[in-house]
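> Got a structure here, written out as structure tokens. Questions coming.
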Amino acid sequence: MRTGLLLLAPQAEALVADLRDEVPAHVTVLFPFRPWKDVGRSVRTQLATIFRRQAAIDVAFASVGRFPGVVWLRPEPRERIDSLTRTLVEAFPDCLPYCGEFADPVPHLTALKSEDAAALDAAQRLLESRLARPLAARLDACSLFAETEAGWREMLRFPLRGPAAPPDPASPCKPRDALR
């Protein structure tokens, strides 16, 4: 079973729920990770240690992006997400983000995957209208999801518990901002 490590973004769920299926709103930190059968006690302990040292990550979703076949939201700032991905790759060098396909993987929250260009265009317009102002989100847990016969399922959840990070003065929104 394929797995991935995902920073859950429950504050963004209302923004994208009608466009997504199966997996809750999230920013992927490392995909693919190890097959579920290889996530034993030592791997779980190593993951728990990494995430216990990581403080929650405050981001704002303020813009919509496109990859081929994908409409997504951009979390800003991205540096702490990138840093967490690097930490995980250092700990698990056999797990390169997207199998090493991209030199600098872009952190993102996938809103819609589709081969239908009209559906992607409509989703992009819809999300841009929903983002009249940035949506603040606190990413405070990382989950390991596994692809099962019944679909993607959360198998493990690790709270981020590190020391609080100072607020980012460059953030485009304040933590109290929310989707209305």
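> For a label point 7 Å from the Cα of Glu13 along Cα→C-beta, name the residues of the range 113-154 whose backbone N is under 19 Å from it.
Correct set: 135-146, 151-154.
> If you don't mind, another one. Work through the residues other than Val23 whose Cβ is under 15 Å from its Cβ and net out their charges, Lys, Arg +1 and Asp, Glu -1.
So the environment of Val23 carries a net charge of -1.
> Counting helices only, and only those DSSP H runs with n ≥ 4, report the 222 nm mean residue ellipticity of the chain as the sum of -39,500 (n - 2.57) divided by its residues, in deg cm²/dmol to the nearest 500. Walk me through the numbers before you get to the answer.
Details: 4 runs with 43 residues, N = 180.
Estimated from H runs of four or more residues: -7000 deg cm²/dmol.
> Need one number: nm distance between label points at Asp94 and Asp38, each 7 Å from Cα along Cα→Cβ, rounded to one decimal.
0.4
> Ranked from highest to lowest mean number of other Cβ atoms within 10 Å per residue, what is the order of the peptides 16-22, 50-56?
Working: 16-22: 14.4, 50-56: 17.4.
In decreasing order of mean packing, 16-22, 50-56 become 50-56, 16-22.
> So between Glu154 and Ala117, what do we pick up on full extension, going 0.36 nm a residue minus the alpha carbon distance? All intermediate terms of the calculation are to be shown ahead of the outcome.
Details: separation 37, 0.36 × 37 = 13.32 nm, distance 3.02 nm.
Length gained, Glu154 through Ala117: 10.3 nm.
> May I ask you to compute the full-extension gain from Thr87 to Asp21, defined as 0.36 nm times their residue separation minus their alpha-carbon distance, rounded to one decimal in nm?
Details: separation 66, 0.36 × 66 = 23.76 nm, distance 2.90 nm.
Full-extension gain reported as 20.9 nm.
Readers should treat all values here as calculations from the given coordinates under stated rules, not as data from a laboratory. Source: prediction; values computed, not measured. A quick note on method: Cβ atoms are made from the backbone with ideal geometry, for glycine too, and the neighbour counts reach across all protein chains shown.
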